[in-house]
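The values are calculated or read from the model by the stated rules, or taken from the named source; none is laboratory data. Worth saying up front: this structure is predicted, and the values here are computed from it rather than measured. Neighbour counts run over all protein chains shown; Cβ positions are idealised from the backbone, glycine included. Only protein heavy atoms, including side chains, enter the accessible area calculation; ligands, DNA and RNA are left aside. Shrake-Rupley method; radii C 1.70, N 1.55, O 1.52, S 1.80 Å.
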Amino acid sequence: MHTGRLDLVPLRVEHAEEMAVVLSDPALHAFIGGPPETPQALRSRYQRLTAGSPDPAVSRLNWVIRLRDETCLVGTVQATISFSPHDPVAEIAWVVGTPWQGRGIAGEAARGLVEWLGRQRVRTVMAHIHPGHRSSAAVATAAGLTPTDEWHESEIRWSRNLRR
């Protein structure tokens, strides 16, 4: 996938080394939890992610975000698609490394992902955002999602219907 400034590249195990640096700021993990992962731990996680979902009714899709002008990785986007006969739903998430935040990268990547999901016949896109995470709320808004009254594990569910 491509947007104005970004390439969304399917995640590979080989991205672990560079992504460990991108995700190394402990402050970045305030909302996503846990400490920054070592390259080895990230490599193991990426091996699990690239192996795919064991459930045939669920697809787990992951991309790294490459900032084209700087030719470097700056974050990730992901979509977990649950298939049902009438209503495929995608739960999305994103993270952009601290040095690249505040430049609209996460919003651009999330918009590109949502547009791609619409072409895949996904009906509903949702994200779960901590109520205190204003920057993630701004990203969700940029991608056309709106907050709902539903909560999931202390986070607000945001949603967008792609089929009207």
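Only Cα pairs within less than 10 Å get springs; with that Gaussian network setup on the chain, which residue of VAL89, VAL64, VAL21 has the largest fluctuation?
Of VAL89, VAL64, VAL21, the most mobile in the Gaussian network model is VAL21.
With Cβ to Cβ distances under 13 Å as the rule, what net charge do the other residues near ALA142 carry (K, R +1; D, E -1)?
Surrounding charge for ALA142 is +2.
In nanometres, what is the gap between the two model label sites at VAL13 and ARG134, each 7 Å from Cα along Cα-to-Cβ?
With each label placed 7 Å out from Cα toward Cβ, I get 4.3 nm.
Counting heavy atoms of the protein chains only and a 1.4 Å probe, report the per residue accessible area for the chain as a whole number of Å².
Each residue of the chain exposes 55 Å² on average to a 1.4 Å probe.
Quick one: net charge around PRO88, please, counting Lys, Arg +1 and Asp, Glu -1 for every other residue with C-beta under 13 Å from its C-beta.
Once all neighbours under 13 Å are counted, the net charge is +2.
Obtain the nm distance between the two label points defined at ILE32 and ALA142 by a simple spin-label model: each point lies 7 Å from its Cα along the Cα-to-C-beta direction.
The answer from the label model is 1.5 nm.
Express in % the proportion of alpha carbon pairs of the range 41-144 at distances exceeding 21 Å.
38
Once the Cα gyration tensor of the range 20-63 is found, what semi-axes does its equivalent ellipsoid get, as square roots of 5 times the eigenvalues, in whole Å, sorted largest first?
So the equivalent ellipsoid measures 24, 13, 8 Å along its semi-axes.
Pick from VAL13, VAL125, VAL114: which residue has the top mean-square fluctuation in a GNM of the chain where Cα pairs under 10 Å get a spring?
Sorting by GNM fluctuation, first place goes to VAL13.
Run the quick spin-label model on ARG123 and THR98: label points 7 Å from Cα toward the beta carbon, then report their separation in nm to one decimal.
It is 4.3 nm.
Per DSSP H run of at least 4 residues, take -39500 (n - 2.57); add these up for the chain, divide by its residues and hand me the 222 nm value, nearest 500 deg cm²/dmol.
-8000 deg cm²/dmol, from helical runs alone.
Find the relative contact order for the chain and round it to a whole percent, using C-alpha pairs within less than 8 Å whose residues are 6+ positions apart.
With pairs under 8 Å counted, the relative contact order is 19 percent.
Among residues other than TYR46 whose Cβ falls under 9 Å from its Cβ, what is the net charge (Lys/Arg +1, Asp/Glu -1)?
+3
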